[in-house]
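Heads up, the thing below is written out as structure tokens.
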Amino acid sequence: MGLRDVMLGWPVYRQLTGTDPLGRGAAARSTRSAELTPRTEDADRVARSVCPYCAVGCGQRVFVTDGQVTQIEGDPDSPISRGRLCPKGAASRSLVTSPLRQTKVRYRRPYGTEWEDLDLDTALDMIADRVLAARDETWEDVDAEGRPLNRTLGIASLGGATLDNEENYLIKKLFTAMGALQIENQARI
């Protein structure tokens, strides 16, 4: 490979001597970049979804090949985000494809040093038992002067930012019915 070939392969030379003075087209392309294809090109199907990170509800297009998510991009047809995603939404593919993703219920017993896998029904029963026990142990019928309270300060709820108004309404109803006072969420809309 001679000096002339090296110069012709140099993007700055092509930018200065060619028809692409801003270096956004042919001057910036290399042999390797010309061979690249988008991850979305070979997708078997495209599913529409909503970003799970916050309550804004940005639209997403989920590209699937052979049953595996290959790419997630903003949905240009979404009236909310018009094809744009924040950095977390743009990286949401890792939520489903990361090898570090937990797919089982993990439990570490009090004073334990090892994690164990639980089936979902067992984990839900344990949670329900603990909520009821905390409620029973901390229930207050009346205050010191005999005024009715009917409350517990032993349980609380903090909803995540991905919950919508309907979900927050149901959570509020559930925890109020159990006598909880500390009920909050991080909803942004």
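Computed from the coordinates by the stated procedures, all read-outs in this text should not be read as laboratory data. Since we're looking at a predicted model, the values are computed, not measured. Note that we place each Cβ from the backbone using ideal geometry, even for glycine, and neighbour counts take in every protein chain shown.
Tabulated results
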quantity	calculated
Listed residues S33, S81, S92, most fluctuating in the chain (Gaussian network, C-alpha, under 10 Å)	S33
Residue order, fewest to most surrounding Cβ atoms within 10 angstrom, among F63, F175	F175, F63
Net length gained if the chain between A90 and I127 were fully extended (0.36 nm per residue, minus Cα distance)	10.0 nm
Built amide H within the under 5 Å cut-off of Q60, gap 5+	S49, V50, C51, D75
Potential lengthening between E41 and Y13 on full extension [0.36 nm per residue; Cα-Cα distance subtracted]	6.9 nm
Cα-centre dipole for the range 105-185 with unit charges at Cβ (Lys and Arg positive, Asp and Glu negative), debye to 20	200
Counting DSSP beta bridges with both ends in the chain, the antiparallel % (nearest 5)	80
In degrees, nearest ten, helix 165-177 long axis to first principal axis of the chain (Cα)	20
Proximal charge balance of V62 [Cβ under 11 Å; K/R count +1, D/E count -1]	+2
Residues S98, S49, sorted so that the one with the fewest Cβ neighbours within 10 Å comes first	S98, S49
Amide H partners (placed H, <5 Å) of R151, local residues excluded	E140
Separation in nanometres of the label points that stand 7 Å from Cα toward Cβ, at L174 and T113	3.6
Amide H contacts under 5 Å for V69, placed H, 5+ residues apart	none
